[in-house]
Structures are given as structure tokens and as C-alpha cells.
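Colleague: My questions will all concern the structure given below.
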Amino acid sequence: MTQTTPSLFEWRTTFAAVLLGIAAATVSVHEAHAESRWSVYNPQNTQTPDYAPLDVFFGAYADTKRAQTTFAYQAMGSRGAKFLNDYVSYLQSIPVSQLNRDQQLAFWLNLHNAAAMRETLGAYPTRRVEALVTGTGSAWSRKTLIVEGVPLSLAEIETDILLTEWQDPRVIYGIYLPAKAAPALPTRAFKADSVYKKLEEAAGRYVNGRYAVTKTGNNPTVSLVYQRFKRAFGDDETTMISHLQSYAKSRLARRIADAQSIGGYEFDWALNEHKPRQPSRSLGAGGVGSRGGGFGS
């Protein structure tokens, strides 16, 4: 018997109904931080959003070389834009408060990163992305997302949710910034059962790569990423240095072993893009939905 792939609307409706049913059937909804709107979670939930389409999208457009992930923005075109619009819309429909805590971390990272790529593609062919990401009126500061009825910006997801709800410095390595010197995004979506493993791996790659520490010694110069996400280190440079030392290997470890304070911050805001080389890697006539495991039709 032929099986049909559920439409985006059907999948979103079914998934939301399942989660809401779980919410009605259990009283085990917790608050990690009572003061936060985003602290509510359901530890008993076993349902998870569909991230297979995002894996397909990454497979079509992402490339990783020398610990750096780049995207073929030039190749995305209207099909890539439609996918990102539809997929971000799908993720916004998820009742995130009914996910368990690890599922929520994966959810917020994937939502942020898909929406960040959507904004970057919308600004293409910009070659430098500083104005896109920083400052009043930037794409990162606009409330372009709505989750459980709450308007959110990308910057708010970064600071008010990811860095506040998960007070773990490793989270910064999963936050996509479309700049050459930013941490490399894994080329598969974050999943609840492996999210911390992926963040740990990403932390090690970035710290020991070419962009994390650009000048060594007692007062090293480090990536602007650490200044942007300083909250992850309690706004404390000593904690930041200890973090870098804990991941540094061999030569880098020796060169920052006696570091006392941060000497400065540097960053390359060039777009992290590569030119498409193999047209066969594009999404094809069927689009992401035809290969995405239930998202779209």
C-alpha cells in the first residue's frame, strides 16, 4: 500500500495535538527558573519536532572545511527561501513548554539557526554581515518570530533564552552567526539525545581553530564571539580565560597557560559563504519536503 507524506499543516496540527494531550494528562510540568516565561518544561515528554528536513537542507547547502561551516547562499534562491520560511513557521507552531529540557535546547538552537539563515538569505548578496547582526534596527534585533504567542527576536533567543535558561558556555558554540570567524555550525540539526555532545565537540574545534584566540600571551586577543556572549561566562573575563584554557590543546594551551586578562577582541564579519560547485547537491525538483520525513508534501 502506498504511503503518503503528511502535509506541513497536518504534521504541525498532529504534533501540537500530541503535545497538548500530554500536557493535559500530566501534572509534571516543571519550572527551571520561576522568574522566566521560558522555564516551563515537561520532563515526561517523549515527542520531538521533525528535524529531518533541516538535515536535508544542510546536506544540500552546507560544507565544512578546516573546522569552518559555510553555506552556498547563492544556490539557495527562491526554493531555499521558501523552505526556510515554511520550516521556521513549522517550528513556531511547536508548543515548546511541553517539551522536555534537552528537547527545548535543541529546539531553540534549531529555530534560531534556521531563522538566522532566513535573514541572511534575505539580505544576500551582502558580503559583510556586521550590520545584519548588530545594532538597533538590525535583522537580529527585530521581533520576527512568535513562539507560544510571544514575539521574539534572534538576539532575545540568544540572550534571554539560550544564555539565561542554559547557563552553560558550550551553548554559544551552537548559535549560528553568518560570519567567517564564528563557530562552525554542525551540518545536521541539533537533537535532544546528542545536543550536549555536539556542543562539546564544537567548543573544542572552535577554541583550537584559527579564530578563537588570535593573539596569545598574558593578555590574549580573542574572538568577538566571547564578548557578544559574555553572559555565558557571568560577564567575567577570568571565567572566560579558564574556559579557553580548559579546551586548549598542545601549543595553544602552553601559550595561554599564564593568561591573566583579555587583551582585546577581533572578528572577521565576512559572510561565511562558499560558491556552489555541484548542482546535483541542490534540493532538486521535489524540494526539501519530498525527502524530509514528514515536513511538507
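The values are calculated or read from the model by the stated rules, or taken from the named source; none is laboratory data. For clarity, every value in this text was computed on a predicted model and none was experimentally measured. We place every Cβ from the backbone using ideal geometry, glycine too, and count neighbours over all the protein chains shown.
Colleague: Given the criteria touching a residue at least 24 places away in the same chain (Cβ under 8 Å), exposed (fewer than 14 other Cβ atoms within 10 Å of the Cβ) and not aromatic (Phe, Trp, Tyr), does ILE157 qualify?
Modeller: No; evaluated as a whole, the condition is false for this residue.
Colleague: Follow-up. With the requirement that a residue be assigned to a helix (DSSP H, G or I) and under 22 Å from SER141 (Cα atoms), what does segment 91-103 give you?
Modeller: Scanning segment 91-103 gives LEU91, GLN92, VAL96.
Colleague: Given (1) assigned to a loop (DSSP other than H, G, I, E, B); (2) buried (at least 21 other Cβ atoms within 10 Å of the Cβ), identify the lone condition not met by TRP108.
Modeller: For TRP108, the failing item is (1).
Colleague: Could you list, in sequence order, all residues of segment 227-273 that are among the polar types (S, T, N, Q) and under 22 Å from the mean Cα position of the chain (by Cα)?
Modeller: Once the filter is applied, which keeps residues that are among the polar types (S, T, N, Q) and under 22 Å from the mean Cα position of the chain (by Cα), segment 227-273 yields GLN227, ASN272.
Colleague: Examine segment 176-196 for a residue that is within 23 Å of ILE256 (Cβ to Cβ) and part of a helix (DSSP H, G or I), and state whether such a residue exists.
Modeller: For segment 176-196, residues within 23 Å of ILE256 (Cβ to Cβ) and part of a helix (DSSP H, G or I): absent.
Colleague: If you go through segment 88-116 one residue at a time, how many are over 18 Å from THR159 (Cα atoms) and aromatic (Phe, Trp, Tyr)?
Modeller: Going through segment 88-116 one residue at a time, the tally reaches 1.
Colleague: If you don't mind, there's one more thing I want to ask. If I go through segment 145-154 residue by residue, how many of them are surrounded by 17 or more Cβ atoms within 10 Å (Cβ to Cβ) and outside any strand (DSSP E or B)?
Modeller: The total comes to 2.
Colleague: Quick test for you: out of PHE58, PHE83, pick the one residue that is out of contact with any Phe, Trp or Tyr (no Cβ under 8 Å at 6 or more places or on another chain), of a type outside the set (Ser, Thr, Tyr) and within 24 Å of GLU119 (Cβ to Cβ).
Modeller: PHE58 is the lone residue from the list that is out of contact with any Phe, Trp or Tyr (no Cβ under 8 Å at 6 or more places or on another chain), of a type outside the set (Ser, Thr, Tyr) and within 24 Å of GLU119 (Cβ to Cβ).
Colleague: On to the next question. Can you find a residue in segment 181-191 that is among the β-branched types (Val, Ile, Thr), buried (at least 21 other Cβ atoms within 10 Å of the Cβ) and either at negative phi or modelled with pLDDT under 95 (or both)?
Modeller: no
Colleague: Would you mind stating whether THR134 is polar (S, T, N, Q) and in contact with a helix residue (DSSP H, G or I) (Cβ under 7 Å, 6 or more places away or on another chain)?
Modeller: No; evaluated as a whole, the condition is false for this residue.
Colleague: Another question, then. Quick check on TYR41: is it touching a Ser or Thr at 6+ places or on another chain (Cβ under 9 Å), crowded, with 20+ Cβ neighbours inside 10 Å, farther than 18 Å from ALA192 by Cα and at pLDDT 95 or above?
Modeller: Here the answer is no, as TYR41 does not meet what is asked.
Colleague: Any residue at all in segment 127-143 that's farther than 25 Å from PHE267 by Cα and not in a helix (DSSP H, G or I)?
Modeller: Taking every residue of segment 127-143 in turn, at least one turns out to be farther than 25 Å from PHE267 by Cα and not in a helix (DSSP H, G or I).
Colleague: Another question, then. Which numbered condition trips up GLN167, out of (1) in a loop (DSSP other than H, G, I, E, B); (2) surrounded by fewer than 20 Cβ atoms within 10 Å (Cβ to Cβ); (3) modelled with pLDDT of 95 or more?
Modeller: (3)
Colleague: Those residues that are in contact (Cβ under 8 Å) with a residue 24 or more places away in the chain and acidic (Asp, Glu), I need them from segment 229-261; list them, please.
Modeller: Answer for segment 229-261, where residues must be in contact (Cβ under 8 Å) with a residue 24 or more places away in the chain and acidic (Asp, Glu): GLU237, ASP258.
Colleague: Could you please give the count of residues in segment 63-81 that are among the hydrophobic types (A, V, I, L, M, F, W, C) and either crowded, with 20+ Cβ neighbours inside 10 Å or assigned to a helix (DSSP H, G or I) (or both)?
Modeller: Total satisfying the criteria: 4.
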